[in-house]
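Read the figures in this text as sums done on the coordinates, not as results from a lab. Small disclaimer: the values here were computed from a predicted structure and weren't measured. Cβ coordinates were reconstructed from backbone atoms using ideal geometry, including for glycine residues, and neighbour counts include every protein chain displayed.
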Amino acid sequence: MRSIRSARSRHDTERGAVVVEVAFVVPLLLMLVLGLAELGFVIRDTQTVVGASQAAARVVSSAGDSRLADQGALSTLAAALDDVDVADIERIIIFRAKSDGSMTANCELAAFPGQCNHYDASDLTLPASAFAGTTSCAVGSPDISWCPLGRETRQSVGPDWIGVRVEVRHHSTAPFLPDRTISDTTVMRLEPRFAS
């Protein structure tokens, strides 16, 4: 009789140990799966932001000192960020890059005369008419801080370097991971013009 009870007691103890082990392992496995899925979402969103930044930089670089250079870049960003919720687009900066490809500290904070223009999600759908003026940037134009008409494109002088920075908020799908801002900056040289 004792051997039957001790065998049953040992079996019950082992079953209890298995339940405790499962209670520890299942949450860890669930966190691992959610973490891997979140990593995939972050990589996807990062690729979207990088592609959008590069496409906009190509457009604004090719446009050079055209009056609608920034508007073309914003239209390109609108198309490239089509899968992103508009509310998650934090800011877009089109700036005159320094020789090392970085932006001045002033541009980090706000639009700065002669250096950079700041845009937000609502600016992505601005029509060409919002960028008023054909020979100058009119007061109230969204690109007045660094008017495209003042950008240097002459080969003899050396064209400006222009950068496009895109910042998008990524909302984590895993409850134990924080939201983050995904940003990318692409810098290109303005297409040179050979005429004086």
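Here is how the numbers come out for the structure above:
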| quantity | calculated |
| --- | --- |
| Cβ-derived FRET efficiency at R0 45 Å, S172 paired with A17, nearest 0.05 | 0.85 |
| In degrees, nearest ten, helix 2-63 long axis to first principal axis of the chain (Cα) | 10 |
| Isotropically averaged projected area of the chain, using the convex hull of Cα atoms (one quarter of hull area), nm² | 15.1 |
| Difference of contour (0.36 nm per residue) and Cα-Cα distance, S136 to F41 | 29.9 nm |
| Loop chymotrypsin sites (Phe, Trp or Tyr not before Pro), segment 49-145 (other Cβ atoms within 10 Å of the site Cβ: 12 or fewer; DSSP) | none |
| On Cα atoms only, tilt of 69-80 relative to the major axis of the chain in degrees | 20 |
| J(HN,Hα) series, segment 108-121, from Karplus relation 6.51 cos²θ - 1.76 cosθ + 1.60, nearest Hz, glycine and proline x | 4, 8, 6, 4, 10, x, x, 10, 6, 10, 9, 10, 10, 4 |
| Measure of compaction for segment 95-149 (Cα Rg per 2.2 N^0.38 Å) | 1.19 |
| Local net charge near L126, Cβ-Cβ under 12 Å (Lys/Arg +1, Asp/Glu -1) | -4 |
| Relative packing of peptides 51-60, 133-142 - highest average C-beta neighbours within 10 Å first | 51-60, 133-142 |
